[in-house]
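Taking it in order: structure first as structure tokens, then the write-up.
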Amino acid sequence: MKWSWPWRREAPASVKFSQLGWDVHSHLVPGVDDGAADVDAALEMVRHMVSLGYRGMVLTPHIMSDLYPNSPDTLRGPFDDLIQAVQEAGIPMELRLAAEYLMDADMLRTLKEGEPMTFSCDEGQRRHEMMLMEFGFHHAPDEALVKDALFEAQTRGITPLLAHCERYPYLHKSPALLELWHERGGWMAVNAASLAGAYGPETRNMAKQCMERGWVSFVCSDAHGMRHVRALESLGNSRTVARWMAAGQSLHGGLG
Ligand SMILES: [Fe+2]
């Protein structure tokens with residue numbers, strides 16, 4: 001496959017996080033998955049995100065039927081607790097609640113019969129209801145399942161957003177599934193920690209290649225702990241992110 005490089009050469013050498021404004025993938029709802037263990041841990045991350053220039057975060061706890069069988073009912077209470085703590089601490093950060101769905105039969109059932117937890121994002125005049133989805137890390141999802149998920153989501157007016165598209169090792173050699181995802185209207189996000197090299201050179205290279213192809217709409221913290229917030233901070237000198245922003249591919253501004 002031939003990778004293209006559509007970006008302008010002249011781009012700022014540093015990233016202004018205040019330009020991104022919103023982070024759309026994080027695990028800060030206290031005590032519900034492998035993210036923030038409690039309100040204090042979440043508050044530390046929120047404070048640091050504010051210091052980087054962020055003004056809003058979409059919190060996306062895992063929904064996996066085996067490991068984290070979350071639902072709107074299990075998430076709303078802990079989310080409200082965090083909202084209250086942020087307000088009481090006077091931290092200027094807006095928080096919204098969505099989820100990160102593992103692509104499996106349960107997710108498909110939620111799409112067909114349930115109430116998916118989504119968040120809104122404007123692309124020009126068009127408003128998208130976004131649903132964050134992830135593949136398993138070890139085995140490629142069945143292509144028929146991926147096609148069904150795209151179809152069912154779009155039938156409901158939902159835009160599927162694939163989390164950390166660079167982190168699936170089985171797609172590094174042949175990203176045909178990502179091409180299919182893109183061609184059928186799915187959106188993609190990468191993790192800041194991948195660009196910072198936290199998962200090795202192959203994953204970092206994959207993130208860059210997906211960005212260079214124009215597939216990526218969001219660079220996310222995927223913050224489970226402070227290590228991820230620091231990875232985001234380390235991107236302050238990332239030419240890749242600066243070029244991606246200069247090329248107008250970021251949709252972070254669509255959050256408000
Ligand atoms: Fe995540």
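The values are calculated or read from the model by the stated rules, or taken from the named source; none is laboratory data. Since this is a predicted model, take the numbers as computed values, not measurements. With ideal geometry, Cβ positions are generated from the backbone for all residues, glycine too; neighbour counts draw on all protein chains shown.
Quick one: in the stretch 130-173, which of the residues that are more than 17 Å from the chain's Cα centre (by Cα) and among the β-branched types (V, I, T) is farthest from the ligand (Cβ to nearest atom)? Among those that are more than 17 Å from the chain's Cα centre (by Cα) and among the β-branched types (V, I, T), it is T155.
Pairs meeting the criteria (first residue in the stretch 232-246 and touching a residue at least 40 places away in the same chain (Cβ under 8 Å), second residue among the β-branched types (V, I, T) and assigned to a helix (DSSP H, G or I), beta carbons under 8 Å, at least 6 apart or on different chains) are L235/V241.
For A198, indicate whether it is among the aliphatic types (A, V, I, L, M), touching a residue at least 12 places away in the same chain (Cβ under 8 Å) and part of a loop (DSSP other than H, G, I, E, B). I'd like the intermediate steps shown before the answer.
Numbers: among the aliphatic types (A, V, I, L, M): yes; touching a residue at least 12 places away in the same chain (Cβ under 8 Å): yes; part of a loop (DSSP other than H, G, I, E, B): yes.
Yes, satisfied.
Summed over the stretch 247-256, the residues that are crowded, with 20+ Cβ neighbours inside 10 Å and either modelled with pLDDT of 95 or more or in a loop (DSSP other than H, G, I, E, B) (or both) give a count of 1. Just to check your reading of the model, which residue among P78, P92 is surrounded by fewer than 16 Cβ atoms within 10 Å (Cβ to Cβ) and closer than 19 Å to M57 by Cβ? When all the criteria are applied, what remains is P92.
Residues in the stretch 215-246 that are in a strand (DSSP E or B) and out of contact with any Gly (no Cβ under 9 Å at 6 or more places or on another chain): V216, F218, V219, C220.
Do you know which of the residues in the stretch 221-234 that are aliphatic (A, V, I, L, M) and farther than 10 Å from L52 by Cβ is farthest from the chain's Cα centre (by Cα)?
Residues of the stretch 221-234 that are aliphatic (A, V, I, L, M), as a first pass: 223, 226, 229, 231-232.
Narrowing further to those that are farther than 10 Å from L52 by Cβ: 223, 226, 231.
Details: A223: 10, M226: 17, A231: 15 Å.
The residue in question is M226.
Name every residue in the stretch 155-168 that is surrounded by 15 or more Cβ atoms within 10 Å (Cβ to Cβ), on the phi < 0 side of the Ramachandran plot and not basic (K, R), in order of residue number. Within the stretch 155-168, I158, T159, P160, L161, L162, A163, C165, E166, Y168 qualify.
Looking only at the stretch 219-229, residues that are crowded, with 24+ Cβ neighbours inside 10 Å and more than 12 Å from the ligand (Cβ to nearest atom) come to 2 in all. The single condition among (1) within 16 Å of the ligand (Cβ to nearest atom); (2) in contact (Cβ under 8 Å) with a residue 40 or more places away in the chain that V190 does not meet is (2).
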